[in-house]
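The values are calculated or read from the model by the stated rules, or taken from the named source; none is laboratory data. The structure presented is a predicted model; accordingly, all values stated were derived computationally and were not measured. For neighbour counting, all protein chains shown are included, and Cβ atoms are generated from backbone atoms with ideal geometry for every residue, glycine included.
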Amino acid sequence: MAYNLSIEEENKEILRRYRRLLRYSKPVIKPGDTKVIRKAFDTALEAHKEMRRKSGEPYIFHPIEVAQIAVEEIGLGPTSIISALLHDVVEDTDTTLEDIEKGFGRKVARIIDGLTKISGGFDVGSSPQAENFRKMLLTLTDDVRVILVKLADRLHNMRTLDSMPRHKQLKIASETIYIYAPLAHRLGLYSIKSELEDLYLKYTETDTYYFIANKISETKRKRSKFIRDFINPIQGELKDLYLDFTIKGRPKSIYSIWNKMKKDNIPFEQIYDLFAIRIIVNCKQEEEKAICWQIYSIVTDNYIPNPSRLRDWISSGKTNGYESLHTTVMSSTGKWVEVQIRSKRMDDIAEKGYAAHWKYKEDPNDKSVKKAAKGSAIDEWIAQVRDLLQYDSSNALEFITDFKSNLYNKEIFVFTPKGDLKMMPNGSTALDFAFEVHTDVGLHCKGAKVNHRLVPLSYVLKNGDQMEIVSHPNQSPSDDWKKIVKTSKAKRVLKEYFNGAEKAIEDHGKDEFMKFLKKHKIKTFESFLDTAKEKYGYESTRKFYNDIGRRKFLTGELKSLILKEQKGNESVALKPRKTPVIDTEKIKKINKTELIIGAGGVSDIKYSFAKCCNPISGESVFGFVTISDGIKIHKTSCHNAPELMASYGYRIIKAKWEQDESKKFLAKVKVTGTDRMGIMNDITTVISSIYGINIKRVRAETFEDIVEDEFHLEIINIDLLTVLFEELIQVEGVISVERLEE
Ligand code: MN
């Protein structure tokens with residue numbers, strides 16, 4: 001959609017959007033707030049007045065929309081609205097943080113500061129994005145609104161990604177799937193998370209996205225009828241009870257359908273749980289549990305439930321605040337249907353997540369203790385993140401990986417001997433629990449008892465276990481503990497412990513080395529050290545000292561070097577150190593050009609095809625600059641792509657194919673069909689006789705009546721492969737043709 005408004009229409013549109021924002025803000029702001037919001041709007045309007053977005057729209061549309069998302073879709077209040085309006089002002093214009101603080105106070109200034117820090121330095125040649133993510137998470141513990149506004153910002157950018165150039169689309173989409181969607185999930189922002197995921201798919205696998213979207217809309221009518229029939233008897237009974245309720249059919253997101261198709265390897269038609277039925281009841285909070293169970297019994301009176309699929313997240317909610325009652329029942333057509341039962345309040349929290357949770361928690365009219373207890377799960381999670389952050393990891397990537405594993409972990413609950421409840425990540429061991437109790441208890445842990453029975457330290461905790469740790473002052477960590485611990489806290493403490501121990505060993509080793517030098521009157525410390533390292537194959541000085549410290553390497557051996565040293569240095573040529581360095585200057589240069597694949601001599605850049613996805617000429621690809629192996633060409637749909645793009649964006653280069661029919665690519669193809677005489681012959685005839693494609697390898701398997709043939713083919717480009725697929729599926733008996741990755 002091209003943008004073409006006159007200045008007059010444009011100004012009208014800006015005002016229209018601003019008024020809509022105010023309308024939505026009404027329920028969450030006090031009378032005095034409107035003035036400050038107006039001031040923020042005016043400041044942003046003035047600051048961005050010369051700027052336009054890539055689409056041609058005036059820039060101010062963006063902050064207004066971000067504020068709109070913050071209030072409408074996350075349920076945030078005035079501070080966040082003001083911060084959202086101002087979020088790009090410090091970064092993109094002459095306005096300073098001091099100006100913001102003067103005009104809007106310290107709170108807003110700190111949020112803007114956080115937002116500016118996150119967005120800065122994503123450019124080519126800068127430190128890896130991982131470092132930025134880490135900064136972002138640091139702000140989480142400062143003020144969670146920074147992350148919430150950032151998510152609103154990211155959502156709007158994803159919604160308007162169309163006008164961005166292709167390589168930017170891929171980079172932004174990858175970052176989104178890699179960190180922002182999981183973050184939204186963890187904060188309980190369910191609708192934002194699924195929209196982010198769907199948009200990711202739309203830009204990385206456009207065909208798949210539209211294929212599924214079309215299928216969903218094609219089957220809509222049938223689905224609506226099914227839902228109407230299904231809820232009809234339930235609706236009647238609920239009305240008889242005079243309950244204030246709504247029932248809707250909730251379709252699954254495109255992304256989750258796609259994941260299911262991939263994971264279970266099934267076509268769209270075979271996914272039975274395309275939607276869930278949701279019953280939302282409006283009632284007083286103290287009655288909601290009873291009413292939800294009452295509705296449950298009405299549902300299960302009408303349809304037979306599957307007892308193994310009952311989920312009660314009302315009695316104990318999920319860590320991200322989610323509460324609901326889920327059951328799966330057999331419909332009259334023989335299909336299983338998931339039914340979700342919840343109150344209006346629970347639904348709000350499920351959709352809007354943390355912010356809504358907050359709102360309910362801080363409702364001054366409600367002083368029930370139950371709510372405070374529910375809030376603590378998130379508080380506890382934030383405390384864990386804070387703990388993770390305080391450890392100044394030198395490797396930001398390792399940190400992100402660690403954090404991501406914490407995002408997806410489900411927690412379990414165990415009891416202390418006194419009966420206190422402790423939350424631990426799923427998969428934690430008895431040793432982790434010891435570290436959770438106290439660092440010292442962990443470091444001197446000797447054994448553990450679960451429900452009064454002795455267990456090994458590697459015992460994996462189960463929900464409801466009663467834990468008791470036996471410790472002794474003489475006990476100290478051993479090397480294999482590193483393999484036992486799972487929590488980031490225990491890992492950190494151990495790492496620090498071992499680093500400390502290693503340091504002591506190294507210091508000792510260095511002392512020994514110095515003593516040796518002194519004893520033999522060697523004055524050329526530096527060059528002797530280099531000679532010794534070179535001779536015995538040490539790259540790192542620390543490792544060298546460490547081995548001496550552990551007496552793995554005895555200084556006596558160094559005697560043989562003394563003579564040479566005294567003769568002078570000519571006999572020992574010192575090689576320059578070979579640490580791999582990423583030449584960012586060179587990458588910057590490469591980045592401006594586009595890598596043309598298949599052409600001889602256009603560039604002297606060495607490239608090869610990634611083994612993880614085996615791209616074929618014509619497919620959407622990108623180049624990734626490796627440290628020691630030149631440039632690797634990956635498909636944009638490669639399963640490694642999101643991580644590469646999100647973590648090393650500055651090492652991604654554009655790549656495009658040149659028409660070059662002399663080059664052949666490996667394509668692994670699997671053909672499945674029902675067995676009949678001559679089917680293999682028909683398939684190979686199509687491949688080699690009709691299309692003249694060379695078959696490098698064949699593997700055929702038959703079980704019962706199904707044949708599975710795997711071919712390694714030499715293909716000149718993706719178009720040929722597409723045509724071949726269309727032809728192969730026509731062969732009598734063939735059920736499916738698919739491309740295999742790897
Ligand atoms: Mn922005």
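When segment 498-531 is examined, which residues are found to be hydrophobic (A, V, I, L, M, F, W, C) and under 46 Å from the mean Cα position of the chain (by Cα)?
Phe498, Ala501, Ala504, Ile505, Leu529
Within the set Gly618, Gly598, Gly568, Gly630, the sole residue that is of a type outside the set (D, E, K, R) and modelled with pLDDT under 55 turns out to be Gly568. Taking the criterion of being farther than 10 Å from Ser343 by Cα, outside any helix (DSSP H, G or I) and modelled with pLDDT of 90 or more, the residues of segment 271-302 that qualify are Ile277, Arg278.
For segment 643-698, a residue qualifies if it is small (Gly, Ala, Ser) and not in a loop (DSSP other than H, G, I, E, B), and the qualifying residues are Ala646, Ser647, Gly649, Ala655, Ala667, Gly673, Ser688, Ser689. Applying the set (1) basic (Lys, Arg); (2) more than 18 Å from Val737 (Cβ to Cβ); (3) at pLDDT 85 or above to Lys656 leaves exactly one unmet item: (3).
Residues in segment 72-99 that are assigned to a loop (DSSP other than H, G, I, E, B), of a type outside the set (A, V, I, L, M) and away from the ligand (no atom under 15 Å from the Cβ): how many?
5
A quick yes/no check of all residues on (1) at pLDDT below 90; (2) among the aromatic types (Phe, Trp, Tyr); (3) buried (at least 22 other Cβ atoms within 10 Å of the Cβ):
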site	(1), (2), (3)
Leu76	yes, no, yes
Ile82	no, no, yes
Val89	no, no, yes
Thr93	yes, no, no
Lys102	no, no, no
Lys107	yes, no, no
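Pairs are defined by a Cβ separation below 7 Å, a sequence spacing of at least 6 or placement on different chains, a first member in segment 330-348 that is at pLDDT 85 or above, and a second member that is in a helix (DSSP H, G or I) and of a type in the set (Val, Ile, Thr); the pairs so defined are Val339/Val299; Ile341/Ile295. Just one of (1) within 12 Å of the ligand (Cβ to nearest atom); (2) crowded, with 17+ Cβ neighbours inside 10 Å fails for Gln68. It is (1). Looking across Ser163, Ser174, one residue alone is within 16 Å of the ligand (Cβ to nearest atom), modelled with pLDDT under 90 and small (Gly, Ala, Ser). It is Ser163.
Counting only helices (runs of 4 or more DSSP H) that fall entirely inside segment 157-211 and contain at least 3 residues that are touching a residue at least 60 places away in the same chain (Cβ under 8 Å) and in contact with an Asp or Glu (Cβ under 7 Å, 6 or more places away or on another chain), the qualifying elements are 190-204. Tallying residues that are among the β-branched types (Val, Ile, Thr) and surrounded by fewer than 20 Cβ atoms within 10 Å (Cβ to Cβ) within segment 618-658 yields 2. If you check Lys39, Lys30, Lys26, Lys49 for being over 25 Å from Ser6 (Cβ atoms), free of Cβ contacts under 8 Å to residues at least 12 places away in the same chain and away from the ligand (no atom under 16 Å from the Cβ), only one passes: Lys26.
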